[in-house]
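K.L.:
Here it is: the structure, laid out below.
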Amino acid sequence: MIEVEGLTQVFGHKTAVDDVSFTVRQGAVTGLLGPNGAGKSTTMRMIVGLDRPVKGVVRVNGGDFRRAERPLHELGALLDPAALHPGRSGRAHLRALALTNGIPSSRVDEVLRLTGMVEPSSRRVGTYSLGMRQRLGIAGALLGDPQVLVLDEPVNGLDPDGVHWVRELMKSLAAMGRTVLVSSHLMSEMALTADHLVVMGRGRLITQGPVTEVIARATQSDVLVRTPQAEELTAALGTIGGSTRRAPDGALLVTNATAEQIGRLAASGSIVLFELTPQQGSLEDAFLALTKDDQEYAAGTVAGPHGPTTGSEQDGARR
């Protein structure tokens, strides 16, 4: 378990982390989300003892990780895949970690097999791609078979197979009772992986909770309805406070009424329904809604031949 209480970090005149508190529980994958500059990486560095907070306390399994006698057995971390000696082989890097932490060399072979790095491990790290560095970094984090795992953007540079492997690895470790904290900007991946979310913005905690609850609180839930009697249904819904709007394909999107309420109302009024499907917002929708006022690096617009165009739209046009 990781317990963060009132964590604060200041660099010069900038408060990078501002009185943040949350708990990362055993047996679950907790996603740490936030836009660039939210303070996620700084928070992770304070958790693993690389940065000392100005204020606040971090407890890993009830104690101060900086004083752990066998640190790699307690917590494994991947914070920067580039923090590797380019002249060493991958195997030599892991062997050095093992020797300095009292870990048998047989464990090096185990994590190399687990991460698919047996063949590349004889090559110098300086020749590795970003994805290979990520895999080696994960191997290092797993070397001590730790109870707690902290991973900062672990799927960057990985191909789809690698992303799937990391996802299943984190879920399996959580199922074994381990504590897993992971940051990512890939909302679709976090929706598949995380059980619990901690969302930060501009150094502050915005919200936390189970994934489904965070999404439900931050997005509007609709019910998709297809009926040949749209006007009659809309009028009937108005009597119970429900409202409708048209979807692009002509179906109705109903707000402020559950699927059960709509079905009962339609039945009582002899209104024919072809489809009645609850629609839940996505994690990406929730993330954008929660962080809309906390984007430190907001993109501007560029005037194109058809008016202003956002940076992302221009990128899409080029692709």
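The values are calculated or read from the model by the stated rules, or taken from the named source; none is laboratory data. Owing to the predicted nature of the structure, the values given are computational and were not obtained by experimental measurement. As a convention, Cβ positions derive from the backbone with ideal geometry for all residues, glycine included, and neighbour counts pool all protein chains shown.
K.L.:
Would you say S129 is among the hydroxyl-bearing types (S, T, Y) and within 20 Å of D159 (Cα to Cα)? Give the steps one after another, and end with the answer.
P.N.:
Working: among the hydroxyl-bearing types (S, T, Y): yes; within 20 Å of D159 (Cα to Cα): yes.
For S129, the condition - among the hydroxyl-bearing types (S, T, Y) and within 20 Å of D159 (Cα to Cα) - is met.
K.L.:
Here are the criteria: (1) touching a His at 6+ places or on another chain (Cβ under 9 Å); (2) at pLDDT 95 or above. Tell me which single one N36 does not satisfy.
P.N.:
Going through the list (1) touching a His at 6+ places or on another chain (Cβ under 9 Å); (2) at pLDDT 95 or above, N36 breaks only (2).
K.L.:
Residues that are among the polar types (S, T, N, Q) and in contact (Cβ under 8 Å) with a residue 40 or more places away in the chain: find the strands (runs of 3 or more DSSP E) completely inside region 1-110 holding 2 or more of those.
P.N.:
Details: elements: 2-11, 14-24, 28-33, 55-60, 75-78.
Output list reads 2-11, 14-24.
K.L.:
Could you check region 171-202 and list, in sequence order, the residues that are touching a Pro at 6+ places or on another chain (Cβ under 8 Å) and outside any loop (DSSP other than H, G, I, E, B)?
P.N.:
Taking region 171-202 first, the residues touching a Pro at 6+ places or on another chain (Cβ under 8 Å) are 178, 182, 184, 195-197, 201.
V182, H196, L197, G201 - these are the residues of region 171-202 that are touching a Pro at 6+ places or on another chain (Cβ under 8 Å) and outside any loop (DSSP other than H, G, I, E, B).
K.L.:
Which of (1) within 20 Å of A77 (Cα to Cα); (2) of a type outside the set (V, I, T); (3) in contact with a His (Cβ under 9 Å, 6 or more places away or on another chain); (4) modelled with pLDDT of 95 or more is the odd one out, the single condition L181 does not satisfy?
P.N.:
Failed condition: (3).
K.L.:
Mind telling me which of the residues M1, M44 ends up being of a type in the set (A, V, I, L, M, F, W, C), touching a strand residue (DSSP E or B) at 6+ places or on another chain (Cβ under 8 Å) and surrounded by fewer than 18 Cβ atoms within 10 Å (Cβ to Cβ)? Steps first, answer last, please.
P.N.:
Working: M44 fails: surrounded by fewer than 18 Cβ atoms within 10 Å (Cβ to Cβ).
After ruling out the rest, the residue left standing is M1.
K.L.:
Restrict the check to region 261-268 and report whether at least one residue is among the hydroxyl-bearing types (S, T, Y), assigned to a helix (DSSP H, G or I) and closer than 22 Å to M190 by Cβ. Write out each step before concluding.
P.N.:
Residues of region 261-268 that are among the hydroxyl-bearing types (S, T, Y), as a first pass: 268.
With the extra rule that they be assigned to a helix (DSSP H, G or I), the set shrinks to 268.
Retained after the next criterion (residues that are closer than 22 Å to M190 by Cβ): none.
No, region 261-268 contains no residue that is among the hydroxyl-bearing types (S, T, Y), assigned to a helix (DSSP H, G or I) and closer than 22 Å to M190 by Cβ.
K.L.:
Please specify each residue of region 164-191 satisfying the condition of being crowded, with 21+ Cβ neighbours inside 10 Å and under 22 Å from L288 (Cβ atoms).
P.N.:
V182, S183, S184, M190 - these are the residues of region 164-191 that are crowded, with 21+ Cβ neighbours inside 10 Å and under 22 Å from L288 (Cβ atoms).
K.L.:
When you look at P120, is it in the same structural domain as P210 (by TED's automatic domain parsing), under 19 Å from the mean Cα position of the chain (by Cα) and at pLDDT below 95, yes or no? If you could, list the steps in order and put the result at the bottom.
P.N.:
Numbers: in the same structural domain as P210 (by TED's automatic domain parsing): yes; under 19 Å from the mean Cα position of the chain (by Cα): no; at pLDDT below 95: yes.
No: the conditions fail for P120.
K.L.:
I would also like to ask the following. For region 43-90, what are the residues that are of a type in the set (S, T, N, Q) and at positive phi?
P.N.:
If the condition is that a residue be of a type in the set (S, T, N, Q) and at positive phi, then N61 is the only one that fits.
K.L.:
Same structure, new question: Which ones in region 136-155 are buried (at least 22 other Cβ atoms within 10 Å of the Cβ) and either on the phi > 0 side of the Ramachandran plot or in contact with a Pro (Cβ under 8 Å, 6 or more places away or on another chain) (or both)?
P.N.:
The answer is L136, G137, I138.
K.L.:
State whether the residues of region 70-82 include one that is of a type in the set (D, E), assigned by TED's automatic domain parsing to the domain that holds W165 and surrounded by 16 or more Cβ atoms within 10 Å (Cβ to Cβ).
P.N.:
First, pick out the residues of region 70-82 that are of a type in the set (D, E): 74, 80.
Narrowing further to those that are assigned by TED's automatic domain parsing to the domain that holds W165: 74, 80.
So of that shortlist, the ones also surrounded by 16 or more Cβ atoms within 10 Å (Cβ to Cβ) come out as 74.
Yes, some residue in region 70-82 is of a type in the set (D, E), assigned by TED's automatic domain parsing to the domain that holds W165 and surrounded by 16 or more Cβ atoms within 10 Å (Cβ to Cβ).
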